[in-house]
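Structure first, then comments.
The values are calculated or read from the model by the stated rules, or taken from the named source; none is laboratory data. Computed from a prediction, not measured in an experiment: that's the story for all the values here. Note: ideal-geometry Cβ built from the backbone for every residue, glycine included; neighbour counts use all protein chains shown. Areas reflect the complete protein model, heavy atoms only, side chains present, ligands, DNA and RNA absent. Shrake-Rupley method; radii C 1.70, N 1.55, O 1.52, S 1.80 Å.
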Amino acid sequence: MWNKIMTFLREKRDIVSYLVFGVLTTLVNYAIYLPLYNFAHLSGGWSNAIAWVGAVIFAFFTNKPFVFRSHDWSAKVVLPEAAKFVGCRLGSGAMETGLVWLLVDILGWNGNIVKLAVSVFVVIINYVASKLLVFRKK
């Protein structure tokens with residue numbers, strides 16, 4: 001049984017490591033969003049936008065080496081990767097912030113529940129975009 005688990009983890013390393021760092025990125029996102037929304041009483045949209053910035057920075061610096069095994073930190077490699085990474089995340093971040101704004105600020109739904117539901121879709125979209133567009137193998 002243990003050997004089967006280890007074989008699975010080795011074969012699915014990219015997905016497993018992305019899930020681990022995706023959870024950590026989501027925790028960073030929530031650690032910023034929840035106090036801003038619940039205690040500072042910023043709108044759902046603004047709280048999400050600010051949390052997005054922190055999460056994207058954390059995600060880039062963890063996904064690059066640990067998920068996609070890109071270890072070249074020279075400017076000629078990092079700058080294009082970072083630009084593509086942020087570009088992809090801008091799309092999903094705009095979608096996430098727009099949905100939070102619409103569902104929480106306009107329709108009055110619970111901001112904590114909406115944030116969680118929307119995050120699931122964003123994690124999936126970000127993995128596909130990072131895999132296919134940002135850290136793809138040459």
| request: Given the conditions (1) over 15 Å from N29 (Cβ atoms); (2) open to solvent by 60 Å² or more (accessible area, probe 1.4 Å); (3) of a type in the set (V, I, T), report the number of the one that V120 does not fulfil. | output: (1)
| remark: Within the range 54-73, residues being out of contact with any Leu (no Cβ under 8 Å at 6 or more places or on another chain) and open to solvent by less than 40 Å² (accessible area, probe 1.4 Å) number 11
| request: Go through the range 1-25 and give me each residue that's in contact with a helix residue (DSSP H, G or I) (Cβ under 9 Å, 6 or more places away or on another chain), surrounded by fewer than 19 Cβ atoms within 10 Å (Cβ to Cβ) and of a type in the set (S, T, N, Q). | output: S17
| task | Please state which one of A51, A31 is within 15 Å of the chain's Cα centre (by Cα), on the phi < 0 side of the Ramachandran plot and open to solvent by less than 30 Å² (accessible area, probe 1.4 Å). | result | A51
| Test: residue in the range 86-108 that is at positive phi, exposed (fewer than 15 other Cβ atoms within 10 Å of the Cβ), more than 13 Å from the chain's Cα centre (by Cα) and not small (G, A, S) | no
